Amino acid sequence: MAREFWVCEGRETDFERVFGKSGLWAELLQKANGFLGTELKCESEVERRYKAFDYWSTHHHFERFRENFKAECERLHRLVESEKILDRELLLGSFYTGGPDLDDETGLVPA
């Protein structure tokens with residue numbers, strides 16, 4: 001999954017504590033089967049714009065994480081919102097390079 005974030009002025013350190021490689025988000029993701037890693041890149045210090053990438057072995061593992069950790073994800077989202085860390089967030093998409101989840105004909109993940 002790839003997302004882009006615009007961080008509120010002066011909240012960059014707090015944002016990185018939540019979404020960085022060893023942050024709260026990574027700690028949550030590490031509890032899930034099939035999670036491979038997360039990456040955070042500062043794309044523009046002036047715009048306070050970051051891109052985050054979460055890597056999964058399969059789409060199935062990602063969907064299972066969403067089901068099993070829905071309450072924890074919502075709690076983290078509320079924390080970020082209440083602390084006014086983000087100006088905005090954009091989901092860029094989910095991308096897969098192969099594996100048993102993909103339809104061989106279309107290359108898409110079945111619904």
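The values are calculated or read from the model by the stated rules, or taken from the named source; none is laboratory data. Since we're looking at a predicted model, the values are computed, not measured. When we count neighbours, we look across all protein chains shown, and the Cβ atoms used for this are built from the backbone with ideal geometry, even at glycine.
Summary of computed values
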{"quantity": "For Gly34: the one exception among (1) more than 21 Å from Phe95 (Cβ to Cβ); (2) at pLDDT below 95; (3) not β-branched (Val, Ile, Thr)", "calculated": "(1)"}
{"quantity": "Those residues of the range 14-58 which are surrounded by 14 or more Cβ atoms within 10 Å (Cβ to Cβ), among the small types (Gly, Ala, Ser) and under 11 Å from the mean Cα position of the chain (by Cα), in sequence order", "calculated": "Gly20, Ala26, Ala52"}
{"quantity": "Given (1) more than 14 Å from the chain's Cα centre (by Cα); (2) of a type outside the set (Ser, Thr, Tyr); (3) surrounded by fewer than 15 Cβ atoms within 10 Å (Cβ to Cβ), number of the condition Arg11 does not satisfy", "calculated": "(3)"}
{"quantity": "Residues of the range 21-40 that turn out to be out of contact with any helix residue (DSSP H, G or I) (no Cβ under 7 Å at 6 or more places or on another chain) and farther than 19 Å from Glu67 by Cβ, as a count", "calculated": "5"}
{"quantity": "Matching helices (runs of 4 or more DSSP H) fully within the range 9-95 where at least 3 residues are touching a Cys at 6+ places or on another chain (Cβ under 9 Å)", "calculated": "12-19"}
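Residue by residue, here is whether (1) free of Cβ contacts under 8 Å to residues at least 24 places away in the same chain; (2) of a type outside the set (A, V, I, L, M) holds:
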site: Glu9; (1), (2): no, yes
site: Phe19; (1), (2): no, yes
site: Leu24; (1), (2): no, no
site: Gln30; (1), (2): yes, yes
site: Tyr50; (1), (2): no, yes
site: Phe65; (1), (2): no, yes
site: Cys73; (1), (2): no, yes
site: Arg78; (1), (2): yes, yes
site: Arg88; (1), (2): no, yes
